[in-house]
Amino acid sequence: MTKYVDQGKNDTRSGYGAGMTELGRTNPNVVALCADLIGSLKIQQFIDENPERFFQIGIAEANMMGIAAGLTIGGKIPFTGTFANFSTGRVYDQIRQSIAYSGKNVKICASHAGITLGEDGATHQILEDIGLMKMLPGMVVINTCDYNQTKAATLAIADYEGPVYLRFGRPKVANFTPVDQKFEIGKALLLSEGTDVTIVATGHLVWEALIACERLEAQGISAEVINIHTIKPLDAAAILKSVKKTGCIVTAEEHNYLGGLGESIAGMLGKEHPTPQEFVATNDTFGESGTPEQLMEKYGLNNKAIEKAVLKVLTRK
């Protein structure tokens, strides 16, 4: 397998902040809105350099979505920022009616996604947001894996015309993708070639998939690892090419198995190429308080869980 090196752990939300800083210097139409979480979204430098292009909405997320939709009419490119739970569940009606229905050019940027929000617990964690957002017609859904990819995605979505949901997280995780990468919406990334099983992962589970790949290699199992950063539109061609070679697949995500990446892939494979599949995801449950590491272990969202799923799916080929 191709070896990937952790360049130094960093949080994906800081990748968003770095991307916003660069956009502040290069794209005069980009404006930022925040629901009282400047520090959590890492956008202070953007604000310092572009105070006239920042709007502090306060704890009024629904209002923030309406304002963002309105700003697009004047040619602005609004980036809204708050926790993933409050970026989706709390404001779903406003997103549907004011943004998605009319295809407004709003970038909904959501930090602290999944259970790795950690100690704040189930009320602030969200494991349903990918499902909510992918069901909206015309909504692009992106879930990045590390700091570098999040920065690249932030830059890329500014050039895309239409609504986008960009999901990232709080904890410091391995930073292993190229610094100078070009982010292509809807284009899967083949990280490691293999012949026995396909592992498709998104977000924080991509690095865990690479660790699992090494563990499996030591057992004589050749795993192909694909990074799906764009859940919608899904790169069906890349997945089909892989499973036609390997004959089985494991999907891995920090999300409920209902409504997530795995479900999208299962639906596509059911129509195009029925394939044995195992899911690494939460099992129709809310989260709880704990450290990110404790929660990922308890809910089976790590390299050990991926390895176990691979061993199971291989028996179904």
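Every number here is computed from the coordinates shown, using simple stated rules; none is lab data. Since we're looking at a predicted model, the values are computed, not measured. Ideal geometry is used to build each Cβ from the backbone, glycine not excepted, and the neighbour counts take in all protein chains shown.
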Table column - 3J(HN,Hα) (Hz), region 305-312, Karplus curve with 6.51, -1.76, 1.60, x for Gly and Pro: 5, 5, 4, 4, 5, 5, 4, 6
Which entries of LYS107/LYS298; LYS182/LYS232; LYS241/LYS317; LYS182/LYS241; LYS3/LYS107; LYS107/LYS304 have Cα-Cα distances beyond 28 Å here? LYS107/LYS298; LYS3/LYS107; LYS107/LYS304
Quick one: Karplus J couplings for region 7-18, per residue in order, coefficients 6.51, -1.76, 1.60, θ = phi - 60°, nearest Hz, x for Gly and Pro? 7, x, 4, 8, 8, 5, 4, 5, x, 4, x, 5
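Taking each pair of distinct Cα atoms in region 138-178 once, what is the resulting Kirkwood hydrodynamic radius in Å?
Values: mean 1/r = 0.0914 Å⁻¹.
Computed over Cα pairs of region 138-178, the Kirkwood hydrodynamic radius comes out at 10.9 Å.
Return the FRET efficiency for the residue pair HIS124, PHE55: r is the Cβ-Cβ distance, R0 is 25 Å, and the value is rounded to the nearest 0.05. Mind dumping the intermediate values first?
On the way: r = 23 Å, r/R0 = 0.92.
That gives a FRET efficiency of 0.60.
So for region 10-173, averaging the separation of alpha carbon pairs under 8 Å that are six or more residues apart and normalising by length, what relative contact order in percent results? Mind showing how you got there, number by number?
Working: 343 pairs, mean separation 49.4, N = 164.
Taking the mean separation of contacting Cα pairs over the length of region 10-173, I get 30 percent.
To the nearest 0.05, what FRET efficiency results for TYR101 and MET268 with a Förster distance of 35 Å applied to their C-beta separation? Don't skip to the answer; put the middle values down first.
Values: r = 25 Å, r/R0 = 0.73.
In this case the efficiency is close to 0.85.
Give me the percent of Cα-Cα pairs in region 189-314 that sit more than 26 Å apart, rounded to a whole number. Could you put the intermediate results ahead of the total?
Details: 1059 of 7875 pairs.
Of all Cα-Cα pairs in region 189-314, 13 percent lie more than 26 Å apart.
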Mind checking which of LEU261, LEU216, LEU41 has the largest fluctuation in a GNM of the chain, springs on alpha carbons under 10 Å? LEU216
For each of GLU61, GLU214, GLU52, count neighbouring Cβ atoms within 10 Å of the residue's Cβ, then give the residues from fewest to most. GLU52, GLU214, GLU61
Compute a Gaussian network model of the chain, connecting alpha carbons closer than 10 Å, and tell me which residue from ILE115, ILE211, ILE95 fluctuates the most. ILE211
Largest-first principal axis extents, alpha carbons of region 82-150, Å: 37, 29, 18
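Among THR291, THR246, rank each residue by its count of other Cβ atoms within 10 Å, from fewest to most, as a rough exposure measure. Present the calculation step by step, with values, prior to reporting the outcome.
On the way: THR291 12, THR246 20.
Sorted ascending by nearby Cβ count, the order is THR291, THR246.
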What's the extension gain from ARG25 to ASP6 if we count 0.36 nm per residue and subtract their Cα-Cα distance? 4.0 nm
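Counting DSSP beta bridges in the chain, what percent are antiparallel, to the nearest 5? Present the calculation step by step, with values, prior to reporting the outcome.
On the way: 8 of 43 bridges.
Bridges in the chain are about 20 percent antiparallel.
Once every DSSP H run of n ≥ 4 in the chain is given -39500 (n - 2.57) and the sum is divided by its residues, what mean residue ellipticity at 222 nm do you get, rounded to the nearest 500 deg cm²/dmol?
-10500 deg cm²/dmol
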Looking at region 161-245, I'd like the Rg to Rh ratio, where Rg is from alpha-carbon atoms and Rh is Kirkwood's inverse mean 1/r. 0.99
Where does region 10-173 land on Rg/Rh, using Cα atoms and the Kirkwood Rh? 0.92
How long, wide and thick is the chain, going by the Cα atoms along their three principal axes, in whole angstroms, largest first? 58, 39, 37
Within a Gaussian network of the chain (alpha carbon springs, distance under 10 Å), most fluctuating of GLY15, GLY290, GLY260: GLY290
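As an exercise, use a Förster radius of 30 Å and the Cβ-Cβ distance of LYS312 and GLU288 to find the FRET efficiency, rounded to the nearest 0.05. The partial results should precede the final answer.
Numbers: r = 26 Å, r/R0 = 0.86.
Given R0 = 30 Å and the Cβ-Cβ separation, E is 0.70.
Quick check: convex hull of the Cα atoms in region 1-46, volume per residue, rounded to a whole Å³? Provide the component values of the computation, followed by the final result.
Values: hull volume 5.2 nm³, N = 46.
Given the Cα convex hull of region 1-46, per-residue volume reads 114 Å³.
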Per-selection metrics, region 265-317 (Cα): Rg and Dmax in Å: 13.7, 40
DSSP beta bridge pairing in region 189-314, given as percent antiparallel to the nearest 5: 20
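Please tell me the relative contact order of the chain in percent, rounded to the nearest whole number, where contacts are Cα pairs under 8 Å and at least six residues apart.
Numbers: 740 pairs, mean separation 58.8, N = 317.
About 19 percent, as a whole number.
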Name the residues whose placed amide hydrogens come within less than 5 Å of the amide hydrogen of ALA252, ignoring near sequence neighbours (fewer than 5 apart) on the same chain. VAL200, ALA201, THR202, VAL280
